[in-house]
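Participant: A single structure is presented below for examination.
The values are calculated or read from the model by the stated rules, or taken from the named source; none is laboratory data. Values in this document were obtained by computation on a predicted structure and should not be read as measured data. Every residue, glycine among them, receives a Cβ derived from its backbone with ideal geometry; neighbour counts consider all protein chains shown.
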């Protein structure tokens with residue numbers, strides 16, 4: 001597991017407020033997080049499905065957050081106060097400690113443990129809550145595949161497809177950078193000559209396939225990437241879709257006289273740290289199966305070449321989330337008191353009338 005991703009929907013029964021948000025990170029690092037808080041009467045405004053995949057949820061959340069804060073004045077102060085509370089809590093508890101608790105719970109798929117950690121956080125907001133959480137562990141490979149699939153859905157525009165048919169890129173290998181959502185940077189921040197880490201999604205023509213297998217026996221076997229490549233960025237070209245989407249066509253020198261191509265959204269964060277790369281991919285050979293998975297998923301959406309199949313791309317879930325719901329706070333105590341009160345009344349009535 002490289003990352004944990006936690007989505008949550010919480011209702012405060014004490015203050016009649018609803019919140020939606022997420023926490024994303026890895027053990028021993030400060031988590032990324034964001035939330036929206038609204039009065040309960042606006043609960044439907046933040047009704048984002050918890051079963052959405054990482055990229056879809058993040059895009060939906062950002063749009064919802066912008067809309068809510070622009071249209072519901074009360075939400076601005078409520079959200080700011082809550083985020084400030086979260087910041088103070090994490091600072092007091094310890095960023096690494098809090099993140100380690102979340103990571104451990106997600107990795108074990110322990111909903112009770114995760115709920116307890118989040119309940120402690122929420123106690124500073126309300127002592128009567130109903131909380132629904134969805135969580136999953138994620139690898140860099142899964143993030144890369146998910147972003148690739150999502151992007152291929154977005155770029156099915158004729159002018160972008162035509163770019164992939166140009167003579168200078170038509171038969172060359174199709175590549176996609178390794179995604180690193182916390183430490184990575186946008187492709188726009190890479191300079192020509194910078195190193196870039198990527199997987200081969202499609203070897204291109206038969207000539208290139210044979211050349212890849214011969215020139216890179218440890219990286220490329222039987223039509224699949226089994227280890228990531230390290231190449232040199234040699235060109236970036238802006239492509240604007242008919243609906244206004246902006247992408248970059250990149251060319252990467254893979255070595256051995258092979259040039260790879262890729263279409264990358266500037267919104268993606270791409271791995272750029274050589275030490276991070278070495279830590280994850282050269283410490284052991286256990287990642288071979290993960291990269292085979294990348295190749296298999298890519299083949300599902302690119303049977304021959306991306307230019308001829310991009311319109312047939314369908315959304316594929318890499319893994320599923322675990323959803324966990326529980327009410328907390330003083331509700332149980334209140335229910336117990338109510339039960340005891342009813343029993344007491346019954347005993348009194350029985351004493352006087354029977």
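Participant: Among the residues of the range 190-219, which ones are without any contact (Cβ under 8 Å) to a residue 40 or more places away in the chain and closer than 18 Å to residue 247 by Cα?
Facilitator: none
Participant: Hey, another quick one. So, in the range 38-64, exactly how many residues are in contact with a helix residue (DSSP H, G or I) (Cβ under 8 Å, 6 or more places away or on another chain), under 30 Å from residue 139 (Cα atoms) and in a helix (DSSP H, G or I)?
Facilitator: Residues in the range 38-64 being in contact with a helix residue (DSSP H, G or I) (Cβ under 8 Å, 6 or more places away or on another chain), under 30 Å from residue 139 (Cα atoms) and in a helix (DSSP H, G or I): 5 in total.
Participant: Just one of 38, 97 is surrounded by fewer than 19 Cβ atoms within 10 Å (Cβ to Cβ) and free of Cβ contacts under 8 Å to residues at least 60 places away in the same chain; which is it?
Facilitator: That would be 97, the only listed residue that is surrounded by fewer than 19 Cβ atoms within 10 Å (Cβ to Cβ) and free of Cβ contacts under 8 Å to residues at least 60 places away in the same chain.
Participant: In addition: Can you name the residue in the range 171-199 that is in contact with a helix residue (DSSP H, G or I) (Cβ under 7 Å, 6 or more places away or on another chain) and part of a loop (DSSP other than H, G, I, E, B) and is also farthest from residue 139 (Cα to Cα) among such residues?
Facilitator: Ranking the qualifying residues of the range 171-199, first place goes to 171.
Participant: Quick check on my filter: what residues within the range 14-32 are modelled with pLDDT of 90 or more and buried (at least 17 other Cβ atoms within 10 Å of the Cβ)?
Facilitator: 17, 18, 19, 20, 21, 22, 23, 24
Participant: So which residues in the range 41-63 are within 14 Å of the chain's Cα centre (by Cα) and either over 25 Å from residue 16 (Cα atoms) or buried (at least 17 other Cβ atoms within 10 Å of the Cβ) (or both), if there are any at all?
Facilitator: 50, 52, 53, 54, 55, 56, 57, 58, 59, 61
Participant: Touching a helix residue (DSSP H, G or I) at 6+ places or on another chain (Cβ under 8 Å), farther than 24 Å from residue 53 by Cα, modelled with pLDDT of 90 or more and part of a loop (DSSP other than H, G, I, E, B) - does that describe any residue in the range 115-122?
Facilitator: So far as the range 115-122 goes, no, none of its residues is touching a helix residue (DSSP H, G or I) at 6+ places or on another chain (Cβ under 8 Å), farther than 24 Å from residue 53 by Cα, modelled with pLDDT of 90 or more and part of a loop (DSSP other than H, G, I, E, B).
Participant: Does the range 200-214 hold any residues that are surrounded by fewer than 23 Cβ atoms within 10 Å (Cβ to Cβ) and part of a helix (DSSP H, G or I), and which are they?
Facilitator: 206, 207, 208, 209, 210, 211, 213, 214, listed by residue number.
Participant: Residues of the range 91-111 being more than 12 Å from residue 135 (Cβ to Cβ) and in contact with a strand residue (DSSP E or B) (Cβ under 8 Å, 6 or more places away or on another chain), which ones?
Facilitator: 99, the sole residue that qualifies.
Participant: Do we find a residue being at pLDDT below 90 and either under 23 Å from the mean Cα position of the chain (by Cα) or not assigned by TED's automatic domain parsing to the domain that holds residue 26 (or both) anywhere in the range 84-95?
Facilitator: Yes: one or more hits.
Participant: So which residues in the range 216-229 are surrounded by fewer than 17 Cβ atoms within 10 Å (Cβ to Cβ) and either closer than 24 Å to residue 275 by Cβ or modelled with pLDDT of 85 or more (or both), if there are any at all?
Facilitator: The one that is surrounded by fewer than 17 Cβ atoms within 10 Å (Cβ to Cβ) and either closer than 24 Å to residue 275 by Cβ or modelled with pLDDT of 85 or more (or both): 218.
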